[in-house]
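The values are calculated or read from the model by the stated rules, or taken from the named source; none is laboratory data. Fair warning: this is a prediction, and the values are worked out from it, not measured in the lab. Cβ placement follows ideal geometry from the backbone for every residue including glycine, while neighbour counts extend to all protein chains displayed. Accessible surface is based on the protein model in full, side chains and every heavy atom, while ligands, DNA and RNA are left aside. Shrake-Rupley method; radii C 1.70, N 1.55, O 1.52, S 1.80 Å.
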Amino acid sequence: MTPGSVSPREAKKLIEQGAVLIDIRDRAEYLREHIPNARSVPFADIAAGKTVEGANQRPIIFHCQAGMRTTQNADALIKAASPTPVLLMAGGINAWKSDSLPTIEDKKQPLPIMRQVQIVAGTLVLIGVALGYTIDSKLFMLSGFVGAGLLFAGISGWCGMASLLSKMPWNRLRK
């Protein structure tokens, strides 16, 4: 069974009528920015067997960042919410913000780990190229090393840089 899809504006109306909004992004992403009254139930918890309770058979609307996680995991979301009706918010929180709907933002919370990986990897590649041209061509190997790490992460699903960054003191969630 495929769940229905709703636009952010339709979702807002349904929420006002009692629908439950569930944010399936990681807890850190939720704490950084979320839709008012959305409940955080990370998909990792749902995949581990956590059920999502809907009060009095009100529809449950799931959302993520851009709509991909909810679409790709629709079957698991339906199972977690069963027998409650399930809807997916098209475009996720990005579409919600594009429609100028309000969010609650806490910039004191850390950036998502994958954004940090992109920033660090991009910086290291630029440094490697700049040093390779200005100091010694062997320093191009820094860029090659970062590229190899990203390739490995893409193939294996494990990112050493993300693991390292997640342990950094600035990535402690603030409550």
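Could you list all residues from region 5-19 that are open to solvent by 30 Å² or more (accessible area, probe 1.4 Å) and not hydrophobic (A, V, I, L, M, F, W, C)? Ser5, Ser7, Arg9, Glu10, Lys12, Lys13, Glu16, Gln17 - these are the residues of region 5-19 that are open to solvent by 30 Å² or more (accessible area, probe 1.4 Å) and not hydrophobic (A, V, I, L, M, F, W, C). Taking every residue in region 1-22 that is over 15 Å from Gly67 (Cα atoms) and pairing it with any residue that is basic (Lys, Arg), at least 6 positions away or on another chain, the pairs with Cβ-Cβ distances below 9 Å are Leu14/Arg58; Gln17/Arg58; Gly18/Arg58; Ala19/Lys13; Ala19/Arg58; Val20/Arg39; Val20/Arg58.
Ala153: in contact with a strand residue (DSSP E or B) (Cβ under 9 Å, 6 or more places away or on another chain), among the hydrophobic types (A, V, I, L, M, F, W, C) and either under 30 Å from Pro3 (Cβ atoms) or modelled with pLDDT under 95 (or both), yes or no? When the stated conditions are applied, Ala153 does not pass them.
Against the criterion of being among the basic types (Lys, Arg) and touching a residue at least 40 places away in the same chain (Cβ under 8 Å), Lys107 qualifies. Would you be able to say whether some residue in region 60-73 is in contact (Cβ under 8 Å) with a residue 12 or more places away in the chain and over 23 Å from Ile104 (Cα atoms)? So far as region 60-73 goes, yes, one or more of its residues are in contact (Cβ under 8 Å) with a residue 12 or more places away in the chain and over 23 Å from Ile104 (Cα atoms). The set of residues in region 52-82 that are part of a helix (DSSP H, G or I) and among the aliphatic types (A, V, I, L, M) comprises Ala55, Met68, Ala74, Ala76, Leu77, Ile78, Ala80, Ala81. List the number of the failed condition for Ser143; all other conditions in (1) crowded, with 16+ Cβ neighbours inside 10 Å; (2) under 20 Å from the mean Cα position of the chain (by Cα) hold. That leaves (2) as the condition not met. Of Ile60, Ile22, Ile46, all but one fail to be open to solvent by less than 40 Å² (accessible area, probe 1.4 Å) and touching a Phe, Trp or Tyr at 6+ places or on another chain (Cβ under 8 Å); the exception is Ile22.
Among residues belonging to region 81-101 that are out of contact with any strand residue (DSSP E or B) (no Cβ under 9 Å at 6 or more places or on another chain) and under 13 Å from Val52 (Cβ atoms), point out the one that is least open to solvent (accessible area, probe 1.4 Å). Looking at residues that are out of contact with any strand residue (DSSP E or B) (no Cβ under 9 Å at 6 or more places or on another chain) and under 13 Å from Val52 (Cβ atoms), I get Ser82. The residue of region 24-40 that is farthest from Gln72 (Cα to Cα), among those that are over 10 Å from the mean Cα position of the chain (by Cα) and without any contact (Cβ under 8 Å) to a residue 24 or more places away in the chain, is Asn37.
Scanning region 1-34 for residues that are under 12 Å from Ile61 (Cα atoms) and of a type in the set (A, V, I, L, M, F, W, C) yields Val6, Ala11, Leu14, Ile15, Ala19, Val20, Leu21, Ile22, Ile24. Gln118 meets the conditions (1) open to solvent by 50 Å² or more (accessible area, probe 1.4 Å); (2) more than 27 Å from Gly154 (Cβ to Cβ) in every case but one. The failed one is (2).
Let's see how each residue does on (1) basic (Lys, Arg); (2) open to solvent by 100 Å² or more (accessible area, probe 1.4 Å); (3) without any contact (Cβ under 8 Å) to a residue 40 or more places away in the chain; (4) in contact with a Lys or Arg (Cβ under 7 Å, 6 or more places away or on another chain):
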residue	(1), (2), (3), (4)
Leu126	no, yes, yes, no
Leu139	no, no, yes, no
Ala162	no, no, no, no
Leu165	no, no, no, no
